[in-house]
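K.L.:
Sending over a structure as structure tokens; questions will come in a sec.
Here, each number is a calculation from the coordinates, and none is a lab measurement. All values reported here derive from a predicted model rather than from experimental measurement. As a convention, Cβ positions derive from the backbone with ideal geometry for all residues, glycine included, and neighbour counts pool all protein chains shown.
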Amino acid sequence: MAAGEAPPVVPAVSRSARQWGMVGALGAAVGWGLAGVFVVLAATPGLVIVLYRMWLGAALLVAALRASGRRLTWRAIRIAAPGGVLLFADMTLFFDSLRLTSVAVATVIGALQPLLVLA
């Protein structure tokens, strides 16, 4: 920013919106962290759990889109599909790996993944 320029305008966010955002982020973090524990306790295969989880997530996202007044387009689905397929594969492999090892070991291996990408 050059001298004399005004700082960028940041839109005001109400306190209520910030609180709901924090609740949503906290709920997502807790749910993501507990998922591995529940998968180990469940008798269902990892693929079935991931299918239910992905369909539930898709339904919640479409409901959030509708509530905000926006629409889901085929263009957006085509753009997001490869990432969704890779996320589905990642979750399936992670949940299946929990059957073969402990949650701690699988989490550490997942946390080391960026090192492989860096190499």
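K.L.:
Helix-derived [θ] at 222 nm for the chain: sum -39500 (n - 2.57) over DSSP H runs of at least 4, divide by residue count, nearest 500?
P.N.:
Working: 5 runs with 92 residues, N = 119.
About -26500 deg cm²/dmol.
K.L.:
Turning to a different aspect of this structure: Work out the FRET efficiency for T73 and S14 from their Cβ-Cβ distance, taking R0 = 25 Å, and round it to the nearest 0.05.
P.N.:
Numbers: r = 29 Å, r/R0 = 1.17.
Efficiency at R0 = 25 Å is approximately 0.30.
K.L.:
With a cut-off of 8 Å between alpha carbons and a minimum separation of six or more residues, what is the relative contact order of the chain in percent? Before the final figure, lay out the partial values.
P.N.:
Working: 30 pairs, mean separation 38.2, N = 119.
Contact order relative to length: 32 percent.
K.L.:
Continuing with this model, one more query. At V23 and L51, where each label point lies 7 Å from the Cα along Cα→Cβ, what is the point-to-point distance in nanometres?
P.N.:
Placing both labels 7 Å along Cα→Cβ, they lie 3.4 nm apart.
K.L.:
Using the Cα atoms as the points, what is the convex hull volume per residue of the chain in Å³?
P.N.:
For the chain, the hull spanned by Cα atoms encloses 212 Å³ per residue.
K.L.:
Also, I was wondering about something else. If I model a spin label as a point 7 Å beyond the Cα along the Cα-Cβ vector, how far apart are those points for L34 and V108 in nm?
P.N.:
In this crude label model, L34 to V108 measures out at 2.6 nm.
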